[in-house]
Amino acid sequence: MKVKKKNIIWNMIGITANAFISLFLLIIVQRVNGIYQAGVFSYAFSLACLFYVIAVYYNRVYQVADVKNKYDVNEYLTARFFTAGMTILLTGLFCLINGFDKLKFTLIILLTLFKIVEAISECYYGFIQKEDDLAYVGKSFFFKALIGVASFLLIDVLTKNLVISAIALIVINMIILLIDIKKFKSLYKIKYKITYTKVFNLLKETFPIFLFTFLNIFLCNCQKYVIEYFLDESFQTIFAIIVMPATMLSLCGQYILAPFLNDLSKLYNKKDIDNLNKYINKINSIFMGLGIVILIIAFFLGVPVLNIIYNIDLQEYKMAFLIIIVGAVFFGLAAIISSLLTVIKRNKEQLYIYIISAFITLGLSIILIKYYALLGAAIAYLVTMIIHSLMSYLMLKYYLRK
């Protein structure tokens, strides 16, 4: 029981530390390098997160859930190294097609390499977690984030060079990866033998997971991608700042849901739909209550606090900021409902919602950002999240009734 508690605590610490990396890095870059380079960095990092999905391809949950070892260690590792290699090629091709300048091109490549190393680590984490040592994974995440951000800060302050600072992130990740591999080798004694047919089958079988995750990241960051083509880098920085609290809010939804997941699964397996609906309404009510509280705090304190943190005047963007917070509440609800749809085994059906939402957000973002700049980006975000959460909710209710 102590081990289980240790696993839960360290896993939560690790996930939280990893989620906050982009927040701290953006603060550092804005403070040290200025608003223009912060915009370049923010865009490069958001792209790296999208390319990361290609590198990681299938999530760790799938790997850990393979208790019958349908695919062995060699096949998982080979698949991950293949997707990592493909990610490097696709990133380079994307940068060449877009004709980015030297700084943007270099940062996109370096930050994607940073995320690729993380994707490889994820594969090793899956094997370590299968040996019931999730605490190790959480510690690895935590120290990697802590040392990485500290190194980035030190080097950026000394050199004011984002390229050298990004290289430091990669080096730290690679050092931690080597430690993770050493831990993995202490748990597994394997002979390297590759069955390419099974590797292909693994990639084919997990394609829906990849597509689902890719669309989810695209949905969160679409406005950042579109801003690149219509506004200058300073707007990229400002949007990244005002959308950051929204990202944290959606993370809160997963914290609220986590304690209920086992009970929800049991109720669904028992077909106790009445109590399942009560749980769902309770979870949604808690999150909505939290969202209202955060919106009130954001109205009075949000912009002044962000002004202090980032050393930039955001008063004229207060309306856009509040609109994004409301949108984040709906996205948080959608994320909770998505997890509930996963509980009732409706993963494939969710893909249709994400595909529709991706087209909606892309279309709205292009139109509204072109004419209304950041306010348009905020409105596109809000409208997309309302539609996305509503579609998810209606799907959940439909399948519960069915």
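The values are calculated or read from the model by the stated rules, or taken from the named source; none is laboratory data. Everything numeric in this text was worked out from a predicted model, so none of it was measured. Positions of Cβ are backbone-derived with ideal geometry, glycine not excepted, and every protein chain shown enters the neighbour counts.
Checking the structure you have, find out if any residue of the stretch 330-341 is over 19 Å from MET385 (Cα atoms) and not assigned by TED's automatic domain parsing to the domain that holds TYR36. Looking for residues that are over 19 Å from MET385 (Cα atoms) and not assigned by TED's automatic domain parsing to the domain that holds TYR36, one finds none in the stretch 330-341, hence no. Among the residues of the stretch 215-248, the ones that are outside any helix (DSSP H, G or I) and among the aliphatic types (A, V, I, L, M) come to 1 in all. Of all residue pairs spaced 6 or more apart or on separate chains, none has beta-carbon atoms under 7 Å together with a first member in the stretch 290-301 that is assigned by TED's automatic domain parsing to the domain that holds GLU316 and within 11 Å of ILE325 (Cα to Cα) and a second member that is of a type outside the set (Phe, Trp, Tyr) and surrounded by fewer than 17 Cβ atoms within 10 Å (Cβ to Cβ). Considering only residues in the stretch 335-378 that are among the hydroxyl-bearing types (Ser, Thr, Tyr) and surrounded by 16 or more Cβ atoms within 10 Å (Cβ to Cβ), the one that is modelled with the lowest pLDDT turns out to be SER339.
This table checks each residue for (1) crowded, with 16+ Cβ neighbours inside 10 Å; (2) touching a strand residue (DSSP E or B) at 6+ places or on another chain (Cβ under 7 Å); (3) more than 24 Å from ILE181 (Cβ to Cβ).
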{"site": "SER22", "(1), (2), (3)": "yes, no, yes"}
{"site": "ILE28", "(1), (2), (3)": "yes, no, yes"}
{"site": "LYS70", "(1), (2), (3)": "no, no, no"}
{"site": "THR112", "(1), (2), (3)": "yes, no, no"}
{"site": "ILE120", "(1), (2), (3)": "yes, no, no"}
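Looking across CYS49, CYS95, one residue alone is over 19 Å from the mean Cα position of the chain (by Cα), within 29 Å of PHE230 (Cβ to Cβ) and buried (at least 16 other Cβ atoms within 10 Å of the Cβ). It is CYS95. Could you say which residue among LEU340, LEU322, LEU306 is closer than 17 Å to ASN277 by Cα and in a helix (DSSP H, G or I)? Of the residues listed, the single one that is closer than 17 Å to ASN277 by Cα and in a helix (DSSP H, G or I) is LEU340.
Does PHE212 count as at pLDDT 85 or above, part of a helix (DSSP H, G or I), over 24 Å from VAL326 (Cβ atoms) and assigned by TED's automatic domain parsing to the domain that holds TYR36? When the stated conditions are applied, PHE212 does not pass them.
Within the stretch 59-68, being farther than 13 Å from GLU122 by Cα and part of a loop (DSSP other than H, G, I, E, B) holds for ASP66, VAL67, LYS68. What pairs come out if I take residues in the stretch 327-340 that are in contact (Cβ under 8 Å) with a residue 24 or more places away in the chain and under 13 Å from LEU251 (Cβ atoms) and pair them with residues that are of a type in the set (S, T, N, Q) and part of a helix (DSSP H, G or I) whose C-beta lies under 6 Å away, six or more apart or interchain? So the pair list comes out as ALA328/SER250; PHE331/SER250; GLY332/SER250; ALA335/SER250. If you check ILE312, ILE294, ILE283 for being surrounded by 16 or more Cβ atoms within 10 Å (Cβ to Cβ) and not in a helix (DSSP H, G or I), only one passes: ILE312. Taking the numbered list (1) within 30 Å of LYS402 (Cβ to Cβ); (2) part of a helix (DSSP H, G or I) in turn, LEU251 passes all entries but (1).
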